[in-house]
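Participant: Could you have a look at this structure, given as structure tokens, before my questions?
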Amino acid sequence: MIDNPYYSPQVHEDYRLISIGRLELEEGGVLPDCQLAVRTWGTLSPDRDNAILITTWYSGTHQVWADAYIGAGHALDPERYFLVAVNQIGNGLSTSPHNTPDDSISMSRFPKVRIGDDVVAQERLLREHFGIDRLALVVGGSMGAQQTYEWAVRFPDKVLRAAPIAGTAQNTPHDFLFTETLNEQIWSDPGWNGGEYTSNTEVADGLTRHAHLWGTMGFSTEFWKQEKWRALGFGSREAFLTGFLEPYFTTMDPNDLLAMAWKWQRGDVARHADGDLAAALSRITAVTYVMPIDEDMFFPVRDCAAEQLLIPGSQLRVVTDEHGHLGLFAVDPGFMPQIDRHLAELLETPAG
């Protein structure tokens, strides 16, 4: 167990840890005491019909949702809905390699966790701790979109609406390979020591290279061509890398990032239908808006659109943002109005 101040209530606010007990994993491992970091907003209605689940992405927590997506004037309005953000396993707040006190699964010994394990854990949490059996909406971006698809395929009777943003139901070979290059920056740092470092600072070089790769794919070619970093207060390309991306990733725990990357690479709902993606997506009964970002280099519109065509009654709602995939952080003023409009329309659509 490593103390890392980045994963603290001072940085990630107002969450609580809830144990769902022993979680047996798809790959055969076990989390003896799976703790999920949960933040809620609003009040659950007497009929328990206003619950929305928010899932988190790679490196992200509930905090970005709190800062940008939730509140009065947004579609995700706590005055109308009971919002539950559940941090994914391995993200540094929920049970993760660096924070578990159980030495048998800490650090390099952390078992392989799949997207499906997150969703099974979330379903148990919602049912046992909140008494929620059906969700008005499941929404998430990137790896959160992977979880959204998993929910809609695995538990179709529990999901009335689904909004996967900037993510796919089946990860692509290209995305798998790029994610591997992210991992390699960590593995190749001698300080990583096979996952048995004593501080994330020992892996600073690898995490810095990791951050730079996010600059090449996380942001789009248009972001760099149009020098969008200027609007974020940086005077040069180099200043943006060293002042924005590097500080973001070098504070994180390497094993946590690797644990999330492993499941990101293997996100695939087709395993529920013997590898048949069309058959898996045909199980979805939720009213679904597939919401890719037009300049996303991880999950391009064409990949998302091809999957959307396999989902009964679904719609493709393309979000315009030159920032690319990391537009999810809502740094462009034009991003959230689009997200709010699509989610508001989705929430007003009769379902079930």
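Participant: Does any residue of the range 101-120 turn out to be farther than 17 Å from residue 26 by Cβ, of a type outside the set (Gly, Ala, Ser), assigned to a loop (DSSP other than H, G, I, E, B) and out of contact with any Pro (no Cβ under 7 Å at 6 or more places or on another chain)?
Facilitator: The answer is yes, given that some residue of the range 101-120 is farther than 17 Å from residue 26 by Cβ, of a type outside the set (Gly, Ala, Ser), assigned to a loop (DSSP other than H, G, I, E, B) and out of contact with any Pro (no Cβ under 7 Å at 6 or more places or on another chain).
Participant: With of a type in the set (Asp, Glu), open to solvent by less than 30 Å² (accessible area, probe 1.4 Å) and over 30 Å from residue 208 (Cβ atoms) as the only criterion, which of 189, 157, 133, 117 stands out?
Facilitator: Of the residues listed, the single one that is of a type in the set (Asp, Glu), open to solvent by less than 30 Å² (accessible area, probe 1.4 Å) and over 30 Å from residue 208 (Cβ atoms) is 117.
Participant: So which of 242, 251 is closer than 30 Å to residue 193 by Cα, within 21 Å of the chain's Cα centre (by Cα) and open to solvent by 40 Å² or more (accessible area, probe 1.4 Å)?
Facilitator: Matching residue, one of 242, 251: 251.
Participant: Right, here's the next one. Any residue at all in the range 330-340 that is in contact (Cβ under 8 Å) with a residue 12 or more places away in the chain, buried (at least 19 other Cβ atoms within 10 Å of the Cβ) and over 21 Å from residue 64 (Cβ atoms)?
Facilitator: No: the range 330-340 contains no residue that is in contact (Cβ under 8 Å) with a residue 12 or more places away in the chain, buried (at least 19 other Cβ atoms within 10 Å of the Cβ) and over 21 Å from residue 64 (Cβ atoms).
Participant: Looking only at the range 254-263, count every residue that is surrounded by fewer than 22 Cβ atoms within 10 Å (Cβ to Cβ) and either within 26 Å of residue 228 (Cβ to Cβ) or small (Gly, Ala, Ser) (or both) and tell me the total.
Facilitator: 1
Participant: Go through (1) open to solvent by 40 Å² or more (accessible area, probe 1.4 Å); (2) in contact with a strand residue (DSSP E or B) (Cβ under 9 Å, 6 or more places away or on another chain) one by one and return the number of the condition residue 151 breaks.
Facilitator: Exception for residue 151: condition (1).
Participant: Within the range 14-45, how many residues turn out to be outside any loop (DSSP other than H, G, I, E, B) and either without any contact (Cβ under 8 Å) to a residue 12 or more places away in the chain or not aliphatic (A, V, I, L, M) (or both)?
Facilitator: Residues in the range 14-45 being outside any loop (DSSP other than H, G, I, E, B) and either without any contact (Cβ under 8 Å) to a residue 12 or more places away in the chain or not aliphatic (A, V, I, L, M) (or both): 7 in total.
Participant: A further question on this structure: Of the residues that make up the range 203-213, is at least one of a type in the set (A, V, I, L, M, F, W, C), out of contact with any His (no Cβ under 8 Å at 6 or more places or on another chain) and open to solvent by 60 Å² or more (accessible area, probe 1.4 Å)?
Facilitator: No, the range 203-213 contains no residue that is of a type in the set (A, V, I, L, M, F, W, C), out of contact with any His (no Cβ under 8 Å at 6 or more places or on another chain) and open to solvent by 60 Å² or more (accessible area, probe 1.4 Å).
Participant: For the range 14-40, give me each residue that is surrounded by fewer than 15 Cβ atoms within 10 Å (Cβ to Cβ) and small (Gly, Ala, Ser).
Facilitator: The answer is 19, 21, 28.
Participant: Okay, moving on. Identify, by number, the condition in (1) part of a loop (DSSP other than H, G, I, E, B); (2) of a type in the set (A, V, I, L, M); (3) farther than 30 Å from residue 214 by Cβ that residue 11 doesn't meet.
Facilitator: (3)
Participant: Give the range 60-97 a look and list any residue that's outside any loop (DSSP other than H, G, I, E, B) and either open to solvent by 10 Å² or more (accessible area, probe 1.4 Å) or free of Cβ contacts under 8 Å to residues at least 12 places away in the same chain (or both), or say none.
Facilitator: 63, 64, 66, 67, 68, 70, 82
Participant: Please determine, by comparing only the residues of the range 122-144 that are part of a strand (DSSP E or B) and not β-branched (Val, Ile, Thr), which one is farthest from the chain's Cα centre (by Cα).
Facilitator: Checked the range 122-144; the qualifying residue farthest from the chain's Cα centre (by Cα) is 135.
Participant: Looking at residue 48, is it over 25 Å from residue 210 (Cα atoms), without any contact (Cβ under 8 Å) to a residue 40 or more places away in the chain and not in a strand (DSSP E or B)?
Facilitator: Criteria not met by residue 48.
Participant: Continuing with this model, one more query. Out of the residues in the range 171-187 meeting the condition of being polar (S, T, N, Q) and out of contact with any Asp or Glu (no Cβ under 9 Å at 6 or more places or on another chain), tell me which one is farthest from residue 218 (Cα to Cα).
Facilitator: Top of the filtered list is 183.
Participant: Find the residue count for the range 272-318, including only residues that are touching a residue at least 40 places away in the same chain (Cβ under 8 Å) and either open to solvent by 20 Å² or more (accessible area, probe 1.4 Å) or part of a helix (DSSP H, G or I) (or both).
Facilitator: Of the residues in that region, 12 qualify.
The values are calculated or read from the model by the stated rules, or taken from the named source; none is laboratory data. Note that this is a predicted model, so its numbers are computed, not measured. Note: ideal-geometry Cβ built from the backbone for every residue, glycine included; neighbour counts use all protein chains shown. Side chains are part of the model used for accessible areas, which takes the heavy atoms of the whole protein and leaves out ligands, DNA and RNA. Shrake-Rupley method; radii C 1.70, N 1.55, O 1.52, S 1.80 Å.
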